[in-house]
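Structure record follows, encoded as structure tokens.
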Amino acid sequence: MEEKGSDVNLAAHLLNDAWKSSFEAAAVISNDTDLVSPIQMVTIERGKPVFVVCPGKWQMAPDLERVASFKRHIHRPMLANSQFPDPIPGTTISKPRAW
């Protein structure tokens with residue numbers, strides 16, 4: 001339930017930001033094919049490149065590969081190596097237990 005509507009929100013902001021020319025290139029970290037149409041609209045109708053980054057061990061969805069300007073996989077070790085230390089030095093900020 002925590003992710004309810006996240007693909008719709010991402011699509012709406014991607015399209016809105018593209019129409020406002022708020023970016024030169026976008027990166028979408030997802031393997032959700034619900035994002036194919038908005039990515040295609042941004043790349044074709046607005047001429048903006050969209051990098052699609054597929055998280056996890058799965059193969060990128062073929063429909064996403066087709067509309068992406070550039071493609072990349074991001075694997076669990078890459079994500080683990082990119083996190084802040086726990087806790088962040090000089091703060092009381094720590095990761096949620098589920099992480």
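The chymotrypsin sites (Phe, Trp or Tyr not before Pro) of region 1-73 that DSSP puts in a loop, and whose beta carbon has at most 16 other beta carbons within 10 Å, are 23, 58.
The angle separating the long axis of helix 6-19 from the principal Cα axis of greatest extent in the chain is about 60 degrees.
Roughly how many debye, to the nearest 20, is the charge dipole of the chain about its Cα centre, given +1 on each Lys and Arg Cβ, -1 on each Asp and Glu Cβ, and no other charges?
Details: 11 positive and 11 negative charges, 58 e Å.
Roughly 280 debye, rounded to the nearest 20.
Restricting to DSSP H runs of at least four residues, report the calculated mean residue ellipticity at 222 nm for the chain, -39500 (n - 2.57) per run over all residues, nearest 500 deg cm²/dmol.
Numbers: 4 runs with 31 residues, N = 99.
Computed mean residue ellipticity for the chain: -8500 deg cm²/dmol.
Of the trypsin sites (Lys or Arg not before Pro) found in region 1-89, the ones in coil according to DSSP and having at most 10 other Cβ atoms within 10 Å of their Cβ are 4, 20, 57.
Rule-based calculations on the coordinates, nothing more; no lab input. Remember, predicted model here, so these are calculated numbers, not experimental data. As a convention, Cβ positions derive from the backbone with ideal geometry for all residues, glycine included, and neighbour counts pool all protein chains shown.
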